[in-house]
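The values are calculated or read from the model by the stated rules, or taken from the named source; none is laboratory data. Quick caveat: nothing in here was measured; it's all calculated off a predicted structure. Glycine also receives a Cβ, built like all others from the backbone with ideal geometry; neighbour counts cover every protein chain displayed. Calculation scope for accessible area: heavy atoms of the full protein, side chains included, ligands and nucleic acids excluded. Shrake-Rupley method; radii C 1.70, N 1.55, O 1.52, S 1.80 Å.
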Amino acid sequence: MVFKALPYTLFILFIPRLLLKLHNNQTKAIKRTLSNTHASHFNSQTLISNLRTSDLSHKTLIFEVEGTLLRSPSVFPYFMLVAFESGSLIRAFVLFAIYPLLVLVNDDLSIKIMVMISFFGIMKDGFRVGSSVLPKFLLEDVGLEGFDVMRRGKKKVGVSKLPQVMVECFLKDYLEVDHVFGRELSVFGGYFVGLMKDNKNIIKHRINEVVEGDYDKIWISNMLAKHDWIECSKEIYVVNDGEKKAWKILPKEKYPKDLIFHDGRLAFRPEPMNMFIMFMWFPFSILLSISRSIIALTMPYCVSIPILAFTGLHLKLTNNNSTPNPRSHDHKQHKGRLYVCNHRTLLDPLYLSFGLKKPFAAVTYSLSRMSEILSPIKTVRLTRDREQDAKTMDKMLKVGDLVVCPEGTTCREPYLLRFSPLFAELSDRIAPVALDTYVSMFHGTTAGGLKCLDPFLFMMNPCSVYRVRFLDQVHGASLQTGDTSSTRFDVANYVQSEIGKTLKFKCTNLTRKDKYLVLAGNEGFVSAGNKR
């Protein structure tokens, strides 16, 4: 009922103010012109391109985030991410439906409307989109030229017209900006009410406090922006729209900090046209996901694989010639083969089963009851108790082949988390498997959402690709390369490095705990006694 009433509430709140704003558009335009004229009185005001070769190591840079760092002139996609990921599909649709109104009003009113729709009723303490979802999309929008200027300053102060909870993590944690000043949101009873506080004077005062004593201060802004903090700076540089259009995207290798973890369901930048396509596709995607699931569950491999490929689910298989027959067993120990793979989605074991065209068992650390019921292969939960898990896996290996993902959790980006070494003690015949995925619309993994929806969201993609590559077999801890001194850690690190080389992924020592601390603010519900 709240969502149904939301559009009417917005009209009641904003239509009178909208009419007043439209009536005063001409006056506002004159004021902006006067503001720019006032700025032009500073002899030092020049284009930002003149700073590219200047020595800024002793200067304090105060820059407008949207106008001088981001390439896109629109902030609509970032509010759409808040509405979709932190709110709901209905909230996102309301924001999309009101987009034509947003382009008719001025920027300030447009942002206020988007704040109301995106944040109204969202719990403040539960808001994680600013740290788990937005940084990836904001980093992909950073201009290389603007970033090169910003990073060379001695002290960097970012000023944003967006709510601070949306940009603070992105600027401080990933771009290493020293101070961030954005709009504050009003909160009542622990929930955002969808209104921004009028704290511009407070921001101006706080900027003066952090730059007090700094002699060389430079203000960098978009040419069309209001210079509300112009008196804070000694020099002024501007960015025009023509300059920004020529900016290049900041390459990932130049990120001050690697973006390893991110959350959210959307796999594309939610521009208005992209959202229109998604909303048009969504009803069909539900039927398609159900149909794909039925086909995968009921039909034999020889029939289901080509049908699923025809519907857009593609499997690309690479089998190393030196890898033994996957159907063979370790006759010495009477055990099945142990397949060790990196973890991209919950469907990893299923796609591995399709690649080998045979069912086998899989062990998981966390799997919803719904996924367990619908899984066409046997799944067994691990407890994160090392001795008990070792017994469980050894028992399953004596029955048949087994697949394990020693990362313990999924990772979307081209990185490998630390491999738990337990698998290295259980078998002398280990088959490493390198997995990679591509999705066009929805991610099939989440850290903060409903995990039972993960397989269905993956199946809802118009097109997806799973690449499965079987690598050379390795031995367990006692027989690795004939070296009896090899430990389980050596084997785990070796398997991780081989998979990383094959996929061109970077190996890390990060764990499941690190991922959930970043994305969900918890340790993944792992008890202290079970940490490894």
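None of L175, L138 is under 20 Å from S57 (Cα atoms) and within 22 Å of the chain's Cα centre (by Cα) except L175. Sort out which residues of region 105-123 are outside any helix (DSSP H, G or I) and among the hydroxyl-bearing types (S, T, Y), and write them in order of number. None; the set is empty. Here P100 does not fit the description of being open to solvent by less than 10 Å² (accessible area, probe 1.4 Å), not in a loop (DSSP other than H, G, I, E, B) and not polar (S, T, N, Q). Residues that are within 22 Å of I98 (Cα to Cα), touching a residue at least 24 places away in the same chain (Cβ under 8 Å) and open to solvent by 70 Å² or more (accessible area, probe 1.4 Å) within region 254-287 comprise just one, F276.
Residue check: is D108 surrounded by fewer than 17 Cβ atoms within 10 Å (Cβ to Cβ) and within 21 Å of N222 (Cα to Cα)? So D108 fits the description; yes.
Just to be sure, is K358 outside any helix (DSSP H, G or I), open to solvent by 20 Å² or more (accessible area, probe 1.4 Å) and either hydrophobic (A, V, I, L, M, F, W, C) or within 19 Å of S427 (Cβ to Cβ) (or both)? So K358 passes the test.
Among the strands (runs of 3 or more DSSP E) contained in region 373-459, which hold 1 or more residues that are of a type in the set (G, A, S) and either touching a Pro at 6+ places or on another chain (Cβ under 9 Å) or open to solvent by 40 Å² or more (accessible area, probe 1.4 Å) (or both)?
430-439
Of all the listed residues (L102, L81, L69), the sole one being among the hydrophobic types (A, V, I, L, M, F, W, C) and under 18 Å from F268 (Cα atoms) is L81. Does I294 count as modelled with pLDDT of 95 or more and loosely packed, with under 14 Cβ neighbours inside 10 Å? No.
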